[in-house]
Amino acid sequence: MPTFVYMTRCDGCGHCVDICPSDIMHIDKVNRRAYNIEPDMCWECYSCVKACPQNAIDARGYADFAPLGHSVRVRREEEKGTISWRIKFRNGTEKNFLSPITTKPWGEYIPKLKDAAAPTKDMRDSQHLYSEPKYIRMDEGEVHTLESNGLKMKKGVYY
Amino acid sequence: MSPKTIVEDDIDILVAGAGLGGTGAAWEARFWGQDKKIVIAEKANIDRSGAVAQGLYAINCYMGTRWGENNPEDHVRYARIDLMGMVREDLLFDMARHVDSTVHQFEDWGLPIMKDPKTGQYLREGRWQIMIHGESYKPIVAEAAKKSADKVFNRICVTHLLLDDAKENRIAGAVGFNVRTGDYHVFKSKTVICGAGGASNIFKPRSVGEGAGRVWYAPWSSGSAYGLMINAGAKMTQMENRIVLARFKDGYGPVGAYFLHLKTYTQNGMGEEYESKWFPGLQEMVGKEYLDPEVSHRTHRPIPTCLRNHAMISEVNAGRGPIHMVTMKAFQDPHLEEVGWENFLGMTVGQAVLWAATDVDPKNENPELTTSEPYVMGSHATGCGGWASGPEDVSPPEYFWGYNRMMTIEGLFGAGDAVGGTPHAFSSGSFTEGRLAAKAACKYIDDGKANGIVVSEKQIEDRKKEIFAPMERYRTYRNEIVAGTVSPSYINPKQGLDRLQKLMDEYCGGVTVGYMTNEKLLNICLKKLKVMEEDLECLAAKDLHELLRAWELKHRHRTSECVTQHTLFRKETRWPGYYYRGDAMKLDDENWHVLTVSRRDPETGEYTMEKAPCYHLIGEEEENQAIAAE
């Protein structure tokens with residue numbers, strides 16, 4: 001469902017232009033508001049809808065297979081860590097859903113690897129990635145190898 | 001008025017394209033290269049770019065070794081049988097042995113992973129899949145990449161890789177343009193990790209008009225991973241292995257959770273089970289080694305995805321469509337109903353919109369399924385991509401040349417769709433591949449392999465001219481015509497894309513020909529692609545947005561050419577249900593139990609094709625079976 005923008009709500013802030021993965025939300029030069037310049041390259045990913053501070057963007061199902069008279073609205077609340085959806089069917093049926101989007105304060109639990117203890121030569125020469133082997137099994141177990149798992153690589157068909 | 005040139009010099013690691021693979025690379029590179037200069041160039045905004053921009057409701061690659069659920073080799077065997085034997089088992093094993101550490105980190109960072117209330121373990125959707133609330137999956141991993149990178153350049157369309165002018169076949173960076181400002185960007189770098197994407201929209205889509213945007217893979221997946229690497233002369237593998245998806249009709253909403261978690265199933269238009277009746281015929285085509293329903297019934301061994309497609313396609317062709325997903329039973333349970341809807345809202349909102357618009361409530365009626373147009377990518381149930389080195393402790397000599405995930409161009413690494421032969425990596429596996437590539441790239445630099453790189457002014461200036469040529473062409477010829485888009489001197493990117501899709505569809509096994517092709521058709525396809533390449537020199541772009549589309553089209557075109565060359569080379573039907581070689585309708589293990597490898601000579605445009613051996617991971621049990629069989 002390509003997105004469209006309500007004239008009376010959009011203030012031309014450009015958040016949608018900034019986020020659209022397909023580069024199709026542009027500012028109309030006459031109206032100084034955003035619009036979808038290329039509906040057939042719109043994935044209905046809702047990135048712009050979620051980013052709009054004015055709730056000015058909505059989506060209308062693709063004209064070649066979706067009849068009019070429906071809506072899927074969304075509200076993404078970053079501080080609360082939730083996303084809520086309201087689906088309205090053409091026949092009036094309504095469904096509501098609420099999901100978490102994160103379990104932690106934004107970004108705080110992602111370590112800055114520049115400040116991590118520098119990797120030793122042994123680590124560099126090993127098969128370990130950062131935080132391994134600990135994070136593979138959350139115990140002291142080692143990374144799997146062909147040897148540890150009793151495996152060989154053999155050429156040809158073997159089944 | 002020449003565009004401004006902006007040079008970013010002395011980069012150690014350039015990440016070209018930051019989806020899940022690229023963000024993984026940028027993140028990990030900082031640990032192994034704490035003093036290195038790490039730069040990201042991304043054509044959109046990394047907070048919402050790549051295939052996961054919209055979010056995901058499941059992580060499809062998680063071993064669960066901490067709970068004794070699977071070992072890496074179990075996943076290798078699964079991917080192997082699903083892809084009819086044709087995978088790089090060294091790369092798959094390597095990805096699988098590290099992927100859990102990636103997922104555990106995601107949980108630390110705040111990604112909501114659902115838990116089984118009884119066991120406290122991650123909630124399984126299937127043997128490999130775990131369920132998540134992944135609306136913010138991409139913003140979370142982007143945050144990690146931003147913490148590690150020195151600079152993030154958003155809205156840079158990377159058009160070409162730079163090659164070293166001092167030493168042959170060595171990478172030296174990349175160039176592109178800023179989609180907003182129109183500046184020309186030069187990134188001089190010791191290594192490049194290609195995290196760009198696979199290709200949607202190279203085969204004509206089933207939908208017309210606006211609906212063409214509702215492709216299964218993102219419309220911004222422009223095959224740039226392949227366009228960039230092929231043009232630089234990197235070897236590619238398994239490019240014939242395009243994928244066709246069985247999905248909810250029109251919206252292409254995912255079916256994984258429906259099959260695995262909701263336990264819904266398919267039936268034909270008459271309400272009958274249809275798959276099994278096609279299996280005997282299929283078994284004749286592919287052999288019992290690849291399809292043995294009895295074994296699949298008893299064990300975890302899957303029926304390969306392509307073969308299930310084949311059953312669906314055949315049933316529809318026999319006049320017993322449409323195929324329905326039987327949801328009415330499962331959706332009576334309010335919890336399962338919620339999962340069914342949230343699954344779409346989390347990753348394919350368009351399917352929810354479509355059902356709302358057409359009053360399809362799966363509680364009251366069973367929705368239709370269909371098979372999609374083909375896609376070219378390397379992280380779902382298919383393994384197109386670059387021919388990459390594996391890890392030193394696993395790979396046999398034919399698969400190893402010094403650095404893990406390094407392509408056949410020195411200093412060029414890949415992750416995600418860029419790496420060939422590694423299907424079923426999905427989001428978590430792609431991120432993990434990025435991490436592996438980053439560690440190896442740091443080692444490559446520390447070993448002094450990137451010393452003395454020279455990039456000539458000529459190379460930089462030539463690329464600049466080439467990149468902006470479509471805008472120049474528009475300025476020159478626009479006033480030849482009164483108005484409109486019909487010109488005798490140029491085509492616009494949309495017109496070019498339409499031509500590409502039509503010829504790939506009709507000659508290379510698209511949906512309108514029932515996924516069928518043969519040697520004659522493929523040769524015509526190559527001829528038409530060659531002529532089209534001449535017309536691509538006459539592409540016109542009226543603004544920067546069209547210039548972006550022009551370069552996406554060039555990458556899609558190069559991808560298509562490579563796909564056609566590979567499809568022509570492999571004279572067998574290895575994946576019935578993905579495509580058929582009408583002149584070789586059987587799987588032929590005697591001649592084609594090999595990986596296909598191509599190289600396009602950047603000077604002449606000629607392709608060289610070769611067969612590479614297919615190695616399999618063998619455990620003791622299989623070893624004994626193999627000996628017994630001999």
> Which residues, counting only those in region B:176-205, are over 19 Å from A:GLU38 (Cβ atoms) and either touching a helix residue (DSSP H, G or I) at 6+ places or on another chain (Cβ under 6 Å) or of a type in the set (A, V, I, L, M, F, W, C) (or both)?
Replying inline: B:TYR184, B:VAL186, B:PHE187, B:LYS190, B:THR191, B:VAL192, B:ILE193, B:CYS194, B:GLY195, B:ALA196, B:GLY198, B:PHE203
> at the interface with another protein chain (Cβ under 9 Å from one of its Cβ atoms), in contact with a His (Cβ under 9 Å, 6 or more places away or on another chain) and basic (Lys, Arg), is that true of A:ARG76?
Replying inline: no
>> Can you confirm whether A:VAL5 is facing chain B (nearest Cβ under 9 Å) and in contact (Cβ under 8 Å) with a residue 24 or more places away in the chain?
In response: no
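Residues checked against (1) surrounded by fewer than 23 Cβ atoms within 10 Å (Cβ to Cβ); (2) in contact with a strand residue (DSSP E or B) (Cβ under 8 Å, 6 or more places away or on another chain):
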{"position": "B:GLU410", "(1), (2)": "yes, yes"}
{"position": "B:ALA415", "(1), (2)": "no, yes"}
{"position": "B:GLY420", "(1), (2)": "no, yes"}
{"position": "B:HIS424", "(1), (2)": "no, no"}
{"position": "B:ASP447", "(1), (2)": "yes, no"}
{"position": "B:LYS465", "(1), (2)": "yes, no"}
{"position": "B:TYR515", "(1), (2)": "no, yes"}
>> Can you go through B:GLU590, B:GLU603 and tell me which one is out of contact with any strand residue (DSSP E or B) (no Cβ under 8 Å at 6 or more places or on another chain), within 14 Å of another protein chain (Cβ to nearest Cβ) and free of Cβ contacts under 8 Å to residues at least 24 places away in the same chain?
In response: B:GLU590
>> Go through region B:441-480 and report how many residues are of a type in the set (S, T, N, Q) and within 32 Å of the chain's Cα centre (by Cα).
In response: 1
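Residue-wise test of (1) closer than 27 Å to B:TYR375 by Cα; (2) in contact with a Leu (Cβ under 8 Å, 6 or more places away or on another chain); (3) of a type in the set (Gly, Ala, Ser); (4) outside any loop (DSSP other than H, G, I, E, B).
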| position | (1), (2), (3), (4) |
| --- | --- |
| B:TRP27 | no, yes, no, yes |
| B:PHE31 | no, yes, no, yes |
| B:LYS36 | no, no, no, no |
| B:LYS43 | yes, yes, no, no |
| B:ASP47 | yes, no, no, yes |
| B:ARG66 | no, no, no, yes |
| B:TYR78 | yes, no, no, yes |
> Where in region B:287-354 are there helices (runs of 4 or more DSSP H), lying wholly inside it, with at least 1 residues that are within 14 Å of chain A (Cβ to nearest Cβ)?
Replying inline: B:293-298, B:334-347
>> Would you confirm, using the coordinates I've provided, whether B:LYS188 is of a type outside the set (Val, Ile, Thr), surrounded by fewer than 22 Cβ atoms within 10 Å (Cβ to Cβ) and part of a strand (DSSP E or B)?
In response: yes
> Restricting region A:57-73 to residues that are surrounded by fewer than 22 Cβ atoms within 10 Å (Cβ to Cβ) and in contact (Cβ under 8 Å) with a residue 12 or more places away in the chain, which is nearest to the other protein chains (Cβ to nearest Cβ)?
Replying inline: A:PRO67
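Conditions (1) without any contact (Cβ under 8 Å) to a residue 12 or more places away in the chain; (2) within 30 Å of B:TRP401 (Cα to Cα); (3) basic (Lys, Arg), marked per residue:
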position: B:CYS442; (1), (2), (3): no, yes, no
position: B:ILE467; (1), (2), (3): no, no, no
position: B:ALA483; (1), (2), (3): yes, no, no
position: B:TYR490; (1), (2), (3): no, no, no
>> Here is a list: B:ASP359, B:ASP393, B:ASP417. Which entry is assigned by TED's automatic domain parsing to the domain that holds B:PRO254, modelled with pLDDT of 95 or more and out of contact with any Asp or Glu (no Cβ under 6 Å at 6 or more places or on another chain)?
In response: B:ASP359
> Given the conditions (1) in a loop (DSSP other than H, G, I, E, B); (2) at the interface with chain B (Cβ under 7 Å from one of its Cβ atoms), and given that A:ASP40 satisfies all but one, which numbered condition is not satisfied?
Replying inline: (1)
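Okay, residues lined up against (1) facing chain A (nearest Cβ under 9 Å); (2) surrounded by fewer than 24 Cβ atoms within 10 Å (Cβ to Cβ); (3) touching a strand residue (DSSP E or B) at 6+ places or on another chain (Cβ under 8 Å):
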site	(1), (2), (3)
B:LEU91	no, no, yes
B:HIS98	yes, no, no
B:LEU123	no, yes, yes
B:GLY126	no, yes, no
B:ILE132	no, no, yes
B:LYS147	yes, yes, no
B:LYS151	no, yes, yes
B:ARG155	yes, yes, yes
B:VAL179	yes, yes, yes
> Restricting attention to region A:99-117, which residues are within 9 Å of another protein chain (Cβ to nearest Cβ) and exposed (fewer than 13 other Cβ atoms within 10 Å of the Cβ)?
Replying inline: A:PRO105, A:GLU108, A:LYS112, A:ASP115
> In this structure, is B:VAL353 buried (at least 17 other Cβ atoms within 10 Å of the Cβ) and in the same structural domain as B:GLY256 (by TED's automatic domain parsing)?
Replying inline: yes
> What are the residues in region B:376-399 that are surrounded by fewer than 24 Cβ atoms within 10 Å (Cβ to Cβ) and either more than 11 Å from every other protein chain (Cβ to nearest Cβ) or not in a loop (DSSP other than H, G, I, E, B) (or both), if any?
Replying inline: B:HIS380, B:ALA381, B:SER389, B:PRO397, B:GLU398, B:TYR399
> Which residues, taken from region A:140-155, are loosely packed, with under 14 Cβ neighbours inside 10 Å and facing chain B (nearest Cβ under 7 Å)?
Replying inline: A:GLY150, A:LYS155
> Any idea which of B:GLY213, B:GLY251, B:GLY209 is over 30 Å from B:ASP601 (Cα atoms), touching a Gly at 6+ places or on another chain (Cβ under 6 Å), within 14 Å of chain A (Cβ to nearest Cβ) and not hydrophobic (A, V, I, L, M, F, W, C)?
Replying inline: B:GLY251
>> When you check B:ALA142 against the structure, is it within 14 Å of chain A (Cβ to nearest Cβ), in contact with a Ser or Thr (Cβ under 9 Å, 6 or more places away or on another chain), surrounded by 19 or more Cβ atoms within 10 Å (Cβ to Cβ) and part of a loop (DSSP other than H, G, I, E, B), yes or no?
In response: no
>> Which residue is farthest from the other protein chains (Cβ to nearest Cβ), if the candidates are limited to region B:216-248 and must be assigned to a loop (DSSP other than H, G, I, E, B), of a type in the set (Gly, Ala, Ser) and closer than 21 Å to B:LYS43 by Cβ?
In response: B:ALA234
>> Can you tell me which residue is modelled with the lowest pLDDT among those in region B:400-414 that are over 18 Å from the mean Cα position of the chain (by Cα) and part of a loop (DSSP other than H, G, I, E, B)?
In response: B:GLY402
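The values are calculated or read from the model by the stated rules, or taken from the named source; none is laboratory data. The structure displayed is predicted, hence computed values, not measured ones. Every residue, glycine among them, receives a Cβ derived from its backbone with ideal geometry; neighbour counts consider all protein chains shown.
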